[in-house]
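Okay, so here's the structure we're looking at.
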Amino acid sequence: MNRQTIKKTILSLFVVLALLAVGVAAGLWWERYAVSDRGTTMPADTKKSDPAVLYWYDPMVPTQKFDKPGKSPFMDMDLVPKYASEGGDAATVEISPGVSQNLGVRLAVVTRASMDSSVIATGIVDFNERDIAIVQARSGGFVERVARLAPNDVVGAGAFIAELLVPEWAALQQEYLALKALGDPALEEAARERMRLGGIPENLIREVARTGKVRNRISIATPRGGVIRTLDVRPGMTLTAGQTLARINGIGTVWLDVAVPEALAGAVTVGQSVRADFAAFPGKPVQGRVAVLLPTLNDSARTLTVRVELPNPDGRLRPGLSAQVSFKSNGGESVLRVPTEAVIRTGRRAIVMLAEAEGHYRPVEVTLGAESGNDTVILSGLDEGQKIVASGQFLIDSEASLQGIMARAGVADAKMPAPVALHEADAVIEDISDASVTLAHGPFNTLSMPGMTMEFPLASPKLAKGLKAGDRVRVGARETDEGLLIEKLDKTGDAK
């Protein structure tokens, strides 16, 4: 390689290095100015801040909050932090739309409509026990012959039952005919009265007076049509005065005994119109009315028996037939309604999950009214148009319990707060002031809270009056959103 070639090579290297330097400088300038102007870079010294902790709690006792981390006094586990980023409102549960969809959350709207107090129940046909005729022997005698009848036969009015021989009536009739022959009206009338007192029917007395012949046999007939319930007469029987021969139940009207659930019994009233649909007569409903509400409930089924009276002119309604019964009312007042499936019943109260904006859900305590179909009436706690959770609410309620969120009464309840029971335990005062008390207390059984030593706020400075450290007391505490509040301190003993 000659000198000239070496010089050209060195010059080329300088040119390449210069171009590289220019390129690097241009890249640095672009990154620093052009890109940062578009906001696509972050300062290197930006440092992500740790989320703020609101308090610490034990997931098994979520209503108890602690200011510092540490071991749970209830369980052998560490306290769990509650971060501010987990929700702006401490009384709501936040669930993302994706999670809500996976949970099967379905919403419903609180509506206002007229209360449809229709009740549908099942009834069984029975005899009308007010339509009964009893056939008895008016005097002692003998049964000569009996009609070919048996219990449960249907007979008409005036149907022959039996023929009786009554010897006593023959003597009374002969006496009457003898006195009548004397022509003395007073004696004749006295003889007539003796026949009446002897049990002879008025029609037989008139016949004896007209024919002048003794009738000591009498035919017994049914006083009304119906079903023969009992028939206690046979040929050759000896009868005594007042003995029952037959019992006949009319079938012109029948009773329909309807089992109405206890929760719907208030919607049924005496005189209410009723429609009965019988499986035996499809498409031929029978209209009736409520005759009486029986005074007692069925203990096992918790149903009220409603007695409905139905017309039965053709006798087709037989005891034992079943029917689906509809009780209808003429409209009702306008009330708030929600799907029954949306209500969570805890035994002490009823809760619904109120759906708010941006995936927030709030447990709300409500007062329930009657059920109507698939809906339940809301007396207080909600407003028309609010959205509630109709499906998946139990999972949301469980999450609210884990986060220590308690259901609050709705706006409509503000004027009528429900009384809150106190949770009580025995304790010894460690320290006390007008605002708070430190107690070494035993277990709060109603809270499933074991005994421990901790500080509680006082509901009133008057509670501390006359008490000092070491005194034994009976404590009454109420649950609030801020924790337990002492509302009762009854002294049970002096300091040891």
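Tell me, please, whether a residue that is closer than 21 Å to Asn312 by Cα and crowded, with 18+ Cβ neighbours inside 10 Å can be found in region 234-242. Steps first, answer last, please.
First pass over region 234-242, keeping only residues closer than 21 Å to Asn312 by Cα: none.
No.
Restricting region 255-294 to residues that are of a type in the set (D, E, K, R) and in a strand (DSSP E or B), which is nearest to Thr376 (Cα to Cα)?
The qualifying residue nearest to Thr376 (Cα to Cα) is Arg275.
Please indicate, with yes or no, whether at least one residue in region 324-332 is in contact with a Phe, Trp or Tyr (Cβ under 6 Å, 6 or more places away or on another chain), under 30 Å from Asp153 (Cα atoms) and surrounded by 19 or more Cβ atoms within 10 Å (Cβ to Cβ). It would help to see each step written out before you state the result.
First, the residues of region 324-332 that are in contact with a Phe, Trp or Tyr (Cβ under 6 Å, 6 or more places away or on another chain): none.
No: region 324-332 contains no residue that is in contact with a Phe, Trp or Tyr (Cβ under 6 Å, 6 or more places away or on another chain), under 30 Å from Asp153 (Cα atoms) and surrounded by 19 or more Cβ atoms within 10 Å (Cβ to Cβ).
Is there any pair linking a residue in region 436-462 that is free of Cβ contacts under 8 Å to residues at least 40 places away in the same chain and over 15 Å from Arg474 (Cα atoms) to one that is crowded, with 17+ Cβ neighbours inside 10 Å and aromatic (Phe, Trp, Tyr), with Cβ under 9 Å and at least six apart or on different chains, and which?
Ser436/Phe456
When you look at Leu297, is it assigned to a strand (DSSP E or B), touching a Leu at 6+ places or on another chain (Cβ under 8 Å) and free of Cβ contacts under 8 Å to residues at least 40 places away in the same chain, yes or no? Please lay out each step first, then the result.
On the way: assigned to a strand (DSSP E or B): yes; touching a Leu at 6+ places or on another chain (Cβ under 8 Å): yes; free of Cβ contacts under 8 Å to residues at least 40 places away in the same chain: yes.
Here the answer is yes, as Leu297 does meet what is asked.
Please work out which one of (1) within 29 Å of Leu264 (Cα to Cα); (2) at pLDDT below 75; (3) among the hydrophobic types (A, V, I, L, M, F, W, C); (4) assigned to a loop (DSSP other than H, G, I, E, B) is the condition Ile405 fails and give its number.
(1)
Within region 75-134, restricting attention to residues that are assigned to a loop (DSSP other than H, G, I, E, B), at pLDDT 85 or above and surrounded by 14 or more Cβ atoms within 10 Å (Cβ to Cβ), which residue is farthest from the chain's Cα centre (by Cα)?
As a first pass, look at region 75-134 and keep what is assigned to a loop (DSSP other than H, G, I, E, B): 75-77, 79, 87-92, 95-96, 104-105, 110, 115-118, 128-131.
When the remaining residues are screened for being at pLDDT 85 or above, the result is 110, 128-131.
Then drop every residue that is not surrounded by 14 or more Cβ atoms within 10 Å (Cβ to Cβ), which leaves 110, 128, 131.
Values: Val110: 19, Asn128: 32, Asp131: 37 Å.
In this case the residue turns out to be Asp131.
Only one of Ala221, Ala178 is farther than 30 Å from Asn312 by Cα and either surrounded by fewer than 18 Cβ atoms within 10 Å (Cβ to Cβ) or not aromatic (Phe, Trp, Tyr) (or both); which? Walk me through it before giving the result.
Details: Ala221 fails: farther than 30 Å from Asn312 by Cα.
Result of the check over Ala221, Ala178: Ala178.
Kindly provide the set of residues from region 135-144 that are in a strand (DSSP E or B) and among the small types (Gly, Ala, Ser), ordered by number.
Kept after step one, since they are in a strand (DSSP E or B), are these residues of region 135-144: 135-136, 141-144.
Within region 135-144, just Gly141 meets the criteria.
Would you pick out the residues in region 213-235 that are part of a loop (DSSP other than H, G, I, E, B) and closer than 30 Å to Lys180 by Cβ?
Of the residues in region 213-235, the ones part of a loop (DSSP other than H, G, I, E, B) are 213-216, 222-225, 232-235.
Lys213, Val214, Arg215, Asn216, Pro223 - these are the residues of region 213-235 that are part of a loop (DSSP other than H, G, I, E, B) and closer than 30 Å to Lys180 by Cβ.
Could you run through region 197-208 and say how many residues are free of Cβ contacts under 8 Å to residues at least 40 places away in the same chain and touching a helix residue (DSSP H, G or I) at 6+ places or on another chain (Cβ under 7 Å)?
Initially, region 197-208 is screened for residues free of Cβ contacts under 8 Å to residues at least 40 places away in the same chain, giving 197, 202-208.
Right, trim to touching a helix residue (DSSP H, G or I) at 6+ places or on another chain (Cβ under 7 Å) and you get 205, 208.
Summing the residues that are free of Cβ contacts under 8 Å to residues at least 40 places away in the same chain and touching a helix residue (DSSP H, G or I) at 6+ places or on another chain (Cβ under 7 Å) in region 197-208 gives 2.
Being in a strand (DSSP E or B) and hydroxyl-bearing (Ser, Thr, Tyr) is the filter here; which residues of region 334-363 pass it? Before the answer, list the steps.
Taking region 334-363 first, the residues in a strand (DSSP E or B) are 334-339, 344-345, 350-355, 360-363.
Scanning region 334-363 gives Ser334, Tyr361.
The values are calculated or read from the model by the stated rules, or taken from the named source; none is laboratory data. These numbers come from a predicted model, not from an experiment. Neighbour counts run over all protein chains shown; Cβ positions are idealised from the backbone, glycine included.
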